[in-house]
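Chemist: Got a structure here, written out as structure tokens. Questions coming.
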Amino acid sequence: MRRFVLAGAGHRAYEMFALNLYEKYRDTIVLSGIFDLSRTRAEYFIKNADPRSVFYDDFDKMIKAEKPEGVIVAVPDALHDKYVVKALEYGCDVVCEKPMTTSAEKCARILQAEKKSGKKVTVTFNLRFVPVLMKLKELVSGGAVGAPLTVHYEYLLDNPHGADYFRRWHRKAENSGGMLVHKSTHHFDLVNWLLDDAPRSVAARARQSLYGQKYDSGKRCLTCPEKKECRFYFDITTQDRIRNLYLDAEKDNGYVRDGCVFAKEADIYDNMAVCAEYHKGAVLTYSLTMFNPYEAHRFSLTGTDGRIEMTERYNVDSEITVFHNDGRTTVYKIPKDTGTHGGGDRRLIEMVFGGHKADPLKSMASSADGIRSVMTGVMANKSIAENRIVFASEYPELL
Ligand SMILES: NC(=O)c1ccc[n+]([C@@H]2O[C@H](COP(=O)([O-])OP(=O)(O)OC[C@H]3O[C@@H](n4cnc5c(N)ncnc54)[C@H](O)[C@@H]3O)[C@@H](O)[C@H]2O)c1
């Protein structure tokens, strides 16, 4: 039996790893240890996913007792490096949630530890496993529009989704790196992967346009006198999983899941625009906004031989159109898939844990991929803070 352990028993770890591993691989893989600050959360995993898991409140104790082959890291982003490095030092492979980490210094720590250990860090970029994006990769890499010249990528988070990042730890940049790291890591990775390239320089502008700025950090939906009028009211009591993992676990460490989205302590942006120049010559314009009436992303790329456009709206079939320079168009209809993140999570689990050797689209992401996408966000944040263009050459040890 292959043994894996988990650091961070939150919603993502439950949905992505605990459930999928038990449902698909319980005869060959056991999630033998779960480390978290909250016993209540870990017990939810044990009751509802893998009953063989054991709760630990100490990471080192867990590794020594369980002797796992791999460690899954799903704690808040700024803590990833701590457990990734420890796991490597114990001689374990690591499966790390995105973003791999949140700063240049932490990227360097992980890289050094990985080199020294001879073990491997895999970053779980689930967008690489979504059918419409797999088709986009196949077309772009296959030369459907020639060499990439310009890319426009727009990501719209809808109101409930966008607001959710302002309710808890994400809203402080020290925890998440801000959205240009926490969220955009997916999007920068996607562009890097599609182009097989990375930015040479990054310039950005951003604002906190809607959320934050108003109330003290203790305000929360559960006890809010304005809950009836607020369009961002989030009822933590109605969904069993949310109630069990968060409200019932508050007694363990005081983690509040339904903080007010207008808390003054929020120091991250909700309205971001980035321009990046890639080493091979393509130029990217990108935006991420967090207060839209619907959720979608739109990607377009013009290359030497034509233009490709893709729109994905959640729960709707997607379409890719290739416009050839001779006036022809080719349309690809991609039916939506079932499962979380458009079936991307399931496919990713199969690739990482199922022992698949073939990887024709190069979908498995390494620490180098993790670093490239984190650093695009880090460079964008630096560009905003210092009001200048930031160059990859400023990070010679990483990029
Ligand atoms: N790929 C995706 O689509 C996707 C989606 C959501 C979240 N994520 C990533 O997954 C990770 C977890 O996100 P989440 O939404 O489940 O967050 P969460 O807050 O629900 O879960 C984090 C867990 O870590 C625990 N924790 C916090 N500090 C800890 C510490 N010092 N030691 C041990 N445990 C600690 C918390 O108690 C909590 O159980 C994040 O890195 C996030 O970026 C990825």
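Chemist: What is the spin-label model distance, in nm, from residue 359 to residue 61 if the labels are put 7 Å beyond Cα along the C-beta direction?
Modeler: It works out to 3.5 nm between the two label points.
Chemist: How far apart, in nanometres, would the label points at residue 329 and residue 285 be if each is projected 7 angstrom from Cα along the Cα-to-Cβ direction?
Modeler: 2.1
Chemist: Less than 11 Å Cβ to Cβ from residue 256, Lys/Arg counted +1 and Asp/Glu -1: what total charge do the surrounding residues give? Write down the numbers at each step before the final one.
Modeler: On the way: positive: 167, 168, 219, 220, 257; negative: 250, 258.
Charge balance in the 11 Å sphere: +3.
Chemist: Another question, then. In percent, how large is the relative contact order of the range 77-180, given Cα pairs closer than 8 Å and 6 or more residues apart? Intermediate values should be presented prior to the final figure.
Modeler: Working: 88 pairs, mean separation 29.7, N = 104.
It rounds to 29 percent for the range 77-180.
Chemist: Here's something else I'd like to know. Normalised by the residues of the chain, what does the relative contact order come to in percent, with Cα pairs under 8 Å and at least six apart? List each step's numbers first, then the result.
Modeler: Numbers: 842 pairs, mean separation 85.7, N = 399.
That works out to 21 percent.
Chemist: Let me ask another. Only helices at least 18 Å long along their axis, Cα-based, and averaging -1.0 or more on Kyte-Doolittle count here, so list those DSSP H runs from the chain.
Modeler: Numbers: long enough: 104-117 (20 Å, -0.81); 367-386 (27 Å, 0.19).
Correct list, ordered by number: 104-117, 367-386.
Chemist: What Kirkwood hydrodynamic radius, in Å, does the range 1-141 give when the mean of 1/r is taken over all pairs of distinct Cα atoms and then inverted? Walk me through the numbers on the way to the answer.
Modeler: Values: mean 1/r = 0.0643 Å⁻¹.
Hydrodynamic radius (Kirkwood, Cα only) of the range 1-141 equals 15.6 Å.
Chemist: Select from 8, 242, 35 the residue farthest towards the positive end of the dipole of the chain; place +1 on Cβ of Lys and Arg, -1 on Cβ of Asp and Glu, and compute about the Cα centre.
Modeler: Result: 35.
Chemist: Mind putting a number on the dipole of the chain about its Cα centre? Charges go on the C-beta only, +1 for Lys and Arg and -1 for Asp and Glu, and I need it in Debye to the nearest 20. Intermediate values should be presented prior to the final figure.
Modeler: Numbers: 57 positive and 54 negative charges, 58 e Å.
Computed about the Cα centre, the dipole is about 280 debye.
Chemist: Around residue 289, with a cut-off of 14 angstrom between Cβ atoms, what is the net charge of the other residues, counting Lys and Arg +1 and Asp and Glu -1? Walk me through the numbers before you get to the answer.
Modeler: Working: positive: 183, 205, 207, 298; negative: 154, 158, 270, 295.
Here the count lands on 0.
Chemist: A follow-up question, please. What does the C-alpha gyration tensor say about the overall shape of the range 252-399? Classify as rounded when a/c is under 1.5, otherwise prolate if a/b is larger than b/c, or oblate.
Modeler: On the way: a/c = 1.40, a/b = 1.18, b/c = 1.19.
Verdict is rounded for the range 252-399.
Chemist: In nanometres, what is the gap between the two model label sites at residue 208 and residue 2, each 7 Å from Cα along Cα-to-Cβ?
Modeler: It works out to 4.3 nm between the two label points.
Chemist: As a quick test, which of the pairs 24/82; 82/116; 47/264; 24/47 have an alpha carbon distance above 27 angstrom in this structure? If you can, show how the numbers build up before the last one.
Modeler: On the way: 24/82 29 Å; 82/116 16 Å; 47/264 37 Å; 24/47 17 Å.
Beyond 27 Å between Cα atoms: 24/82; 47/264.
Chemist: Right, something else. Rounded to whole Å, give me the distance from the Cα center of the range 1-74 to that of the range 211-285.
Modeler: 26
Chemist: Now, a different point. With unit charges on the beta carbon (Lys/Arg positive, Asp/Glu negative), name the residue among 215, 391, 141 whose Cα is farthest towards the positive pole of the charge dipole of the chain.
Modeler: Looking along the dipole axis, the top candidate is 215.
Chemist: Which peptide among 325-336, 144-155 comes first, and what is the full order, when sorted by highest mean count of other Cβ atoms within 10 Å? Present the calculation step by step, with values, prior to reporting the outcome.
Modeler: On the way: 325-336: 11.4, 144-155: 18.2.
Order by mean packing, descending: 144-155, 325-336.
Chemist: Sticking with this structure for a sec: Mind checking the dipole of the range 337-399: about its Cα centre, +1 per Lys or Arg Cβ, -1 per Asp or Glu Cβ, Debye to the nearest 20? Don't jump to the answer; show the numbers that get you there.
Modeler: Details: 7 positive and 8 negative charges, 14 e Å.
My answer is approximately 60 debye.
Chemist: Another question, if that's okay. Kindly rank 73-82, 216-225 from highest to lowest mean number of other beta carbons found within 10 Å of each residue. Could the numbers behind the result be given before it?
Modeler: Working: 73-82: 22.3, 216-225: 14.2.
Result, highest mean Cβ count within 10 Å first: 73-82, 216-225.
Chemist: Round to a whole number: what % of the accessible area of the chain belongs to carbon and sulfur, probe 1.4 Å? Mind showing how you got there, number by number?
Modeler: Values: 8700 of 17110 Å².
C and S atoms contribute 51 percent here.
Chemist: Sticking with this one: Relative contact order of the range 302-399, please, whole-number percent, based on alpha carbon pairs below 8 angstrom and at least 6 residues apart.
Modeler: Values: 74 pairs, mean separation 12.4, N = 98.
Relative contact order of the range 302-399: 13 percent.
Chemist: For an R0 of 30 angstrom, estimate the FRET efficiency from the Cβ-Cβ distance between residue 138 and residue 388 and round to the nearest 0.05. Walk me through the intermediate numbers first.
Modeler: Numbers: r = 37 Å, r/R0 = 1.25.
Working from the Cβ atoms, E equals 0.20.
Chemist: Once a ≥ b ≥ c are taken as the square roots of the eigenvalues of the Cα gyration tensor of the range 68-178, is the result rounded (a/c under 1.5), prolate (a/b larger than b/c) or oblate (a/b not larger than b/c)? Numbers along the way, then the final one.
Modeler: Numbers: a/c = 2.18, a/b = 1.29, b/c = 1.69.
Oblate, because a/c is 1.5 or more while a/b does not exceed b/c.
Chemist: Additional query: Per-residue counts of other Cβ atoms within 10 Å, averaged by peptide: what ranking do you get for 252-262, 337-347, 184-194, highest first? It would help to have the intermediate numbers written out before the result.
Modeler: On the way: 252-262: 19.1, 337-347: 17.4, 184-194: 24.3.
Result, highest mean first: 184-194, 252-262, 337-347.
Chemist: Put +1 on the Cβ of every Lys and Arg and -1 on every Asp and Glu Cβ in the chain; which of 325, 127, 178 then has its Cα farthest towards the positive end of the dipole?
Modeler: Highest projection toward the positive end goes to 178.
Chemist: When the dipole is taken about the Cα centre of the range 46-120, and only Lys, Arg (+1) and Asp, Glu (-1) are charged at their Cβ, what size is it in debye, to the nearest 20? Mind dumping the intermediate values first?
Modeler: Working: 14 positive and 13 negative charges, 34 e Å.
It works out to roughly 160 debye.
The values are calculated or read from the model by the stated rules, or taken from the named source; none is laboratory data. In this text the structure is predicted, and so the values were computed from the model without any measurement. For neighbour counting, all protein chains shown are included, and Cβ atoms are generated from backbone atoms with ideal geometry for every residue, glycine included. These accessible areas exclude ligands, DNA and RNA; they are computed on the full protein's heavy atoms, side chains included. Shrake-Rupley method; radii C 1.70, N 1.55, O 1.52, S 1.80 Å.
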